[in-house]
1. Apply the Karplus curve 6.51 cos²θ - 1.76 cosθ + 1.60, θ = phi - 60°, to the phi angles in segment 110-118 and return the couplings in whole Hz, x for Gly and Pro.
2. Quick check: the distance between the Cα centres of segment 216-232 and segment 112-127, to the nearest angstrom?
3. Viscosity 1.567 mPa s, temperature 4 °C: give me the Stokes-Einstein translational D for segment 140-270 in µm²/s, with Rh taken as the Kirkwood radius over C-alpha pairs.
4. Taking the mean number of other Cβ atoms within 10 Å as a proxy for protection, how do you rank 92-101, 256-265, 235-244 from highest to lowest?
5. Beyond 18 Å, what share of the Cα-Cα pairs of segment 61-159 remains, rounded to the nearest whole percent?
6. Using Cα-only point scatterers and the Debye equation, what is log10 of I(q)/I(0) for the chain at each q in 0.11, 0.13, 0.15, 0.17 Å⁻¹, rounded to two decimals?
7. Among L202, L184, L228, which one shows the highest mean-square fluctuation when the chain is modelled as a Gaussian network with alpha-carbon springs under 10 Å?
8. Which whole-Hz ³J(HN,Hα) couplings does segment 262-270 yield from phi under the Karplus relation 6.51 cos²θ - 1.76 cosθ + 1.60, θ = phi - 60°, glycine and proline marked x?
Amino acid sequence: MNQRSNLPDINQISVIVAGILLAYAVSRLTSIPAEEVRIRLPGLLIKFNLNIQFLTIPIVAGMAATGSDWLIRTHPLWRKGFAMQHWLLPMLTALVLAFPINQLPYGTSWWLTFLFGALILMAVLLAEYITIDSQDFRQPIASSGLIAVAYALYFIFCLATNLFGYRLIFAFPSITLATFLVSLRSFNLRSPNHWMFLESSLIALVAGQIAAAIHYWPISPISYGLALLGPTYALFLFIIRLHQQSKNKYKFFEPGLIFVLCWLLAYWLK
């Protein structure tokens, strides 16, 4: 069996990443007065500030999705069709990077985050490109790397949601949707020809319920993120082991160990 090694145009990746980072930089340099938006519902008042940083978030997410789509369609083995599965992680990466880039003050930490974000975006786009070809010898490494990045971003997303004190009405749907998308893409990377919507919905439901239950607990943001990462990743591995139909009696040991360790760490760091 011949092994292939296709690489994307580095200039194309550079244009995508530079455009996203430019949007971040412009949002910090542009000064537009924030406007408080109030939405009144029966028995509920929703308030949030509409500012340039808030408006930038959907813009960079859209740029990441369209940029990934543009890159994927240049692959020599790409067949005409939807490339939506390759949008999810670049979008999540752009969204998660918005938290530190918009919140950190200018200085060494901001520039290091800015440069690190550029490297992460490039790595995610490159890995998405590589995963298209199942005969590429780097494909297993790229798939495993994308899964690892997906759950690392998920942890940071949950941590930031708690750190910045978002109300439950915003935190619950955000974490539930993020869990669903991360699980869906992770399953797809393990089984490229299948979309496991039901299993991803189940994991998202569990994570959403846990997020709602511990939202007002007096715990640190790191503990909050670990408390959600543990069951989310453990359920992903548990379902993968079920589908493998292995007779190894220790096949569920790893998911259980990850779940216990994450919750022990969450309790210790509370």
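Just so it is clear, none of the values below were taken in a lab; they were calculated from the coordinates. Not measured: the values here are computed from a predicted model. Note: ideal-geometry Cβ built from the backbone for every residue, glycine included; neighbour counts use all protein chains shown.
1. Computed from phi, the couplings for segment 110-118 are 5, 5, 5, 5, 4, 5, 5, x, 4 Hz.
2. Taking the Cα centre of segment 112-127 as reference, the centre of segment 216-232 is 26 Å away.
3. Details: Rh = 15.0 Å.
This corresponds to a translational diffusion coefficient of 86 µm²/s.
4. On the way: 92-101: 22.0, 256-265: 15.5, 235-244: 17.4.
My ranking of the peptides, most packed first, is 92-101, 235-244, 256-265.
5. The calculated P(r) of segment 61-159 puts 49 percent of pairs beyond 18 Å.
6. For the chain, the Cα-only Debye profile gives -0.69, -0.95, -1.22, -1.45.
7. L202
8. 5, 6, 5, 5, 4, 5, 5, 8, 4
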